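Written out below as structure tokens is the structure these notes cover.
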């Protein structure tokens, strides 16, 4: 007797609908998207934790500054400052400009202590479906390891990664078996808000 797998059937329907949404998106090979983002391009986001250091000013030095849901941080003397969407260097200059009214030639350093805004998502036939923090330079294979591997129904050669690049959605085809067979160039590095779907 053929066993009906409701979970598999439901996911197939979900996958078709989800893929239809991206039907106008570009589909590219994994190897073409294996470039790593540079630290200088990192945009601060909601949930990030920053370290703000003002040289020779202990009262204006903070180990943990949280980026709130409104995208702002609070610095004494300056009140609320927009942090979301800026790089650490851009925020440094804003803080230095503001503090110049109170401190002679302030020198400020802004460091990303914890990238709380960085998340990726794994859906489908993996053991650990859900949202994961992008806490380091993580690859697709490493992401599957964190998700505790595949279920017995997983189609490892039909994996799709959805990514937004310059405002446009891309569908990136991933063949897990090719990677584990030695095609390491296809083990691409994940970026914030990537969605991996295993049919």
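The values are calculated or read from the model by the stated rules, or taken from the named source; none is laboratory data. Note that this is a predicted model, so its numbers are computed, not measured. Please note: Cβ atoms are built from the backbone with ideal geometry, for glycine as well, and neighbour counts cover all protein chains shown.
Only residues that are surrounded by fewer than 20 Cβ atoms within 10 Å (Cβ to Cβ) and within 29 Å of residue 42 (Cβ to Cβ) were counted across the stretch 161-189, and they come to 14. The set of residues in the stretch 174-199 being within 19 Å of the chain's Cα centre (by Cα) and farther than 15 Å from residue 154 by Cα consists of 186, 187, 188, 189, 190, 191, 192, 193, 194, 195.
Residue count for the stretch 166-177 under the criterion of being out of contact with any helix residue (DSSP H, G or I) (no Cβ under 8 Å at 6 or more places or on another chain) and not in a helix (DSSP H, G or I): the result is 4.
The single condition among (1) modelled with pLDDT under 55; (2) touching a helix residue (DSSP H, G or I) at 6+ places or on another chain (Cβ under 9 Å) that residue 60 does not meet is (1).
Being in the same structural domain as residue 192 (by TED's automatic domain parsing), surrounded by 14 or more Cβ atoms within 10 Å (Cβ to Cβ) and modelled with pLDDT of 95 or more holds for only one residue in 121, 132, and it is 121. If you go through the stretch 141-199 and keep only what is at positive phi and in contact with a strand residue (DSSP E or B) (Cβ under 9 Å, 6 or more places away or on another chain), you end up with 148, 149, 193.
Is at least one residue of the stretch 70-81 crowded, with 17+ Cβ neighbours inside 10 Å and within 24 Å of residue 195 (Cα to Cα)? Scanning the stretch 70-81 turns up at least one residue that is crowded, with 17+ Cβ neighbours inside 10 Å and within 24 Å of residue 195 (Cα to Cα). Under the condition of being exposed (fewer than 14 other Cβ atoms within 10 Å of the Cβ) and closer than 16 Å to residue 180 by Cβ, the residues counted in the stretch 138-154 number 2.
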